[in-house]
Amino acid sequence: MIQQMPRQGKLHLALSSSVISGHLPYHLNQLPLIKAIIVFLILTSHNCWVQSTKCPKVCKCASLQTEKTANAELAVTCDGAALLDIFTQLDSNHTQALILNNVKGFAKLGKSRMVDLHAVHLKHLQITNSGIKDIQDGAFLRLSDLKDLDLSQNLIGQLDPHALDGIEGLLSLNFSFNQLSDLGMSLTKLENLTSLDLSANSLKGIPEGTFSNLSSLTYLKLDGTPVRKLFARSFYGLSSLKELSMRDCTITKLDGEMFAFLPHLITLNLGHNRLQKLPPAIALSNHKFLHSICYDHNEITDLPAAIFSGLRLNRVDLSFNRIRELGPQTFDGASLSHVDLSHNLLLTVSPVALTPLGSKLSILSLAGNPLRILPTSVFSSLESLKMLNLSACQLKNLPHDAVDDLVSLKQLDLSYNNIHFLSEGTLSLLDNLEELELSGNPWVCDCSIHALRDWLGKPNNADKLSCQALVKGSKNEKGGNCVKAITCAAPSGLLGQQVSRLTEEELAMCEEEDKSTVPASTQGAIVASCMGFAIVLLIITIYLWRRGKTAHGLKRACVPSDAESSHKEDDEDDKVPPLPDCRRSSLTNSDHNFVFRHYFDHLVTDPKLMSDDAEDLEEAGNSDNEAAPLSKKERDSQYSSQNSVYSTRNDAAYGMESTV
C-alpha cells in the first residue's frame, strides 16, 4: 500500500515546517538538506500517529487517501491473529481494505461471525488460508459497499442460495483454490460482477444457467477445474465476456455452439487439456473481436486446411502438441501475426505452407521440432517477419536461401541445433539482426569455421549475441559472455576452444587433415557394414553346424554332383554302404542313381534261378569254358559297396532288395 497523507495533514505539516524554519538560525535555514530531513521526520511521526490511533494492535495498517474524501482511510492487514481481537479494535469509519490471512475462528462464515465487523465503508475484503468451509445466508448483509471479495485458498465446498446476498454491487469475486463442486444459483444476483475466478475447484461441469445473469462479466477463469465436458449453453448469458481461461480442465471435446454466446470474446485460453481436434473455423467466424487463442499442451495431431480462415486472430499458440505436418493450405485465409508451433513432431514444412501469412506474420516459433533440414525458400514470403525461433530443431545447417528474403528479421534463435559451421554468405545476411543466439551447437573447427570466427571478431556482431543466463530464472545474457559460449566440439585437439580466439596456426593444417583423413561418418559406415557381414556369416555357420554339416558334408551340400558316389573307385574310403542293416535311408543320391541305372538290368526274377542248387549246376555246366562266367552272387557284388544279399539267407533282405 502506498502511504499518503490527507490534505489537512499536509497543511499542518507545511505550517509546522515554516514555524520551525523561522526559529532556526539563519545559516541552518540556508541548508536544504537539513530542512528536508526535518520535514521527513515530521511526516513519519504523523503517519505513526495516524496508524496508532486507528489500527488494531495485532495488525499492520497503511494510510490511504481517496479522491472523494479528504479524510484518512486505512488498509488493515492481519496475519495469524484472532478474529475477535481484529473486529473489536477496527476503526469502522476509516477502514476501506481488510486483509486477513490465516486468521482463527472462521470455520463457518455467517452472521454470527460478521456481526462485529462495523466497517460500513469497507470496499475490499480478503480472507485467505483461514479454513472457511461454509458461507451461510446473509453473511455479508452489512457490507453493502463491498466491491472486491477474495475468499481463495479455503475449504469452501458449497454455497447457500443466499450466501452472497447484500453485496449486489460486487465487481470482483475470487473463489479459487477451494473445494466447490456446485455453484447452484448463488451467482445470479451479482449483475455488476466483472471478474470471477473459480480456478482449482472441484466443479464437474457447468450446467446451463450458471452464469445467466452475469451480463457484465468480462473475465472468467476456470483453470484447474475438471469440468471435462462443456455443453452448448454452458456460457449462456456471458454476452460481455472478453477473456476466458480454462487451462488444465481435462477437456476432451469442444462444442462449437458454446462460443455463440460469447460475441465479445478477445482471448481464449484452452492450454493443458486433452483436445485432439480444433473447433471448426465456422464456430468462431462471427467473433470479430477474437485476438488470441492458446491450444498449447494438448494432443492435437492434425491441422485441417483453412482451419483459421475467416477469423481475425492475431496470435495462436499450438506449442507442445503432436502435429506432424504443415500442409500447403493450413493457413489459407488466416491473418495471423504470431504463430507458435514449437515442440511438436514436425518433420517437414511445406514450402508454401506459410505463404498465405505473407506480410502479416511477424513472430514465428518452430523450436523443438525434428526438422533437420529446412525446405528451400520456406520463409521467402515472410517479408514482415521480425522474430524467428529455430532452436533445438536438429538442424545441420542454415541454408543461404532460408533467410535470404527475411528483410525485416531482427531476432533469430539457432541455439542447440546440430550446426557445424555457417557459410560466409549466410553470415552476411545476419548483419542486420539485433539479436542472435548460436550457443549449444557442436562447432567443428576446421577450414569452414573461418567465416564464423571472423564474424565473431567484429565488435558490433559480438554485441548482437544472446545466450541463456547461468542463473536459472535470470534474463538472457548478451555480448562477451555469449561469445565465450561458442566453443569447438571437434577436432579433439581444439575441444572447448573459443571459436573467436582460434589462430591461423591452429587452423593451418586443416586442409591437409581434411584430405588425408576419412570422414567420421564414412568410417562409421564401413565399420557397421563389416560387422553386419561378419554377423551374417557367423549365423550361417552356426546354423549349418547344428544341422550336422561337417567339412565334407558342407562340400556335398554346396557342390552337388551326380558323379559323387559311394561307388567311385578312386575314393574307396568314402563309400557309403547302400543298405546297411537293411535300411533304405542309408542310400545316398548317387547310390539311388547307380541302382536304377544298372541293378535292375541284371535283376533275377526267376525263382528257380535264385536257389543255391541252380546256381551250382550252372557253374558246373560251364566249367569247361576258358573263362567261366561269374555267378549271380559275384555279379551282384559289382553293383554294391558290400557283399550281395545272396551271400546270406535273409528273407527280409530278399524282399528289400527286390523292392529296390
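The values are calculated or read from the model by the stated rules, or taken from the named source; none is laboratory data. Keep in mind that this is a model prediction, so the values were computed, not measured. In this analysis, Cβ positions are derived from the backbone assuming ideal geometry, glycine residues included, and neighbour counts consider all displayed protein chains.
What's the number of the only condition in (1) among the hydroxyl-bearing types (S, T, Y); (2) under 32 Å from the mean Cα position of the chain (by Cα); (3) modelled with pLDDT of 85 or more that S474 fails to meet? Status for S474: all satisfied but (3). Could you list, in sequence order, the residues of the stretch 262-280 that are surrounded by fewer than 18 Cβ atoms within 10 Å (Cβ to Cβ) and not in a strand (DSSP E or B)? P263, H264, I266, R274, Q276, K277, P280, listed by residue number. Within the stretch 337-385, the residues that satisfy the criterion of being more than 25 Å from G440 (Cβ to Cβ) and charged (D, E, K, R) are K360, E383. Residues of the stretch 125-140 that are surrounded by fewer than 18 Cβ atoms within 10 Å (Cβ to Cβ) and either of a type in the set (D, E, K, R) or closer than 20 Å to K189 by Cβ (or both): K133, D134, Q136, D137, G138. Contact map, the stretch 174-199: first residue within 13 Å of K133 (Cα to Cα), second residue outside any loop (DSSP other than H, G, I, E, B), Cβ cut-off under 6 Å, separation 6 or more or different chains; the map is empty.
Please verify whether L193 is farther than 19 Å from G271 by Cβ, at pLDDT 90 or above, in contact with a helix residue (DSSP H, G or I) (Cβ under 7 Å, 6 or more places away or on another chain) and in a loop (DSSP other than H, G, I, E, B), treating the condition exactly as stated. Taking the combined requirement at face value, the residue does not satisfy it.
Matching residues to (1) of a type in the set (D, E, K, R); (2) assigned to a strand (DSSP E or B); (3) farther than 22 Å from S377 by Cβ:
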residue	(1), (2), (3)
N298	no, no, yes
A305	no, no, no
F308	no, no, yes
R312	yes, no, yes
N321	no, no, yes
Q329	no, no, no
D332	yes, no, no
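Looking at (1) part of a helix (DSSP H, G or I); (2) at pLDDT below 75, which one does A508 not meet, given that it meets all the others? Single failed check for A508: (1).
The residue that is modelled with the highest pLDDT, counting only those in the stretch 213-260 that are among the β-branched types (V, I, T) and either crowded, with 16+ Cβ neighbours inside 10 Å or outside any loop (DSSP other than H, G, I, E, B) (or both), is T218. The set of residues from the stretch 428-463 being at pLDDT 90 or above and within 23 Å of D405 (Cβ to Cβ) comprises L433, E434, E435, L436, E437, L438, A451, L452, W455. Here H287 fulfils each of the conditions (1) within 22 Å of S350 (Cβ to Cβ); (2) at pLDDT below 90 apart from (1). Scanning the stretch 281-303 for residues that are loosely packed, with under 14 Cβ neighbours inside 10 Å and over 22 Å from E243 (Cβ atoms) yields I282, E299. Considering the stretch 387-423, and only residues there that are modelled with pLDDT of 90 or more and outside any loop (DSSP other than H, G, I, E, B), the residue that is farthest from C488 (Cα to Cα) turns out to be M387. Hey, can you tell me all the residues within the stretch 282-296 that are polar (S, T, N, Q) and either part of a loop (DSSP other than H, G, I, E, B) or out of contact with any Lys or Arg (no Cβ under 6 Å at 6 or more places or on another chain) (or both)? Answer for the stretch 282-296, where residues must be polar (S, T, N, Q) and either part of a loop (DSSP other than H, G, I, E, B) or out of contact with any Lys or Arg (no Cβ under 6 Å at 6 or more places or on another chain) (or both): S285, N286. Residues of the stretch 148-171 include at least one that is over 26 Å from L64 (Cβ atoms) and of a type in the set (V, I, T). Scanning the stretch 216-248 for residues that are farther than 20 Å from G184 by Cβ, among the aliphatic types (A, V, I, L, M) and in contact with a helix residue (DSSP H, G or I) (Cβ under 9 Å, 6 or more places away or on another chain) turns up A232, L241. Taken over the stretch 141-170, the criterion of being within 43 Å of the chain's Cα centre (by Cα), among the aliphatic types (A, V, I, L, M) and surrounded by fewer than 17 Cβ atoms within 10 Å (Cβ to Cβ) is satisfied by L155 alone.
Candidates are the residues of the stretch 310-333 that are within 27 Å of K229 (Cβ to Cβ) and more than 25 Å from the chain's Cα centre (by Cα); the one that is surrounded by the fewest Cβ atoms within 10 Å (Cβ to Cβ) is G310.
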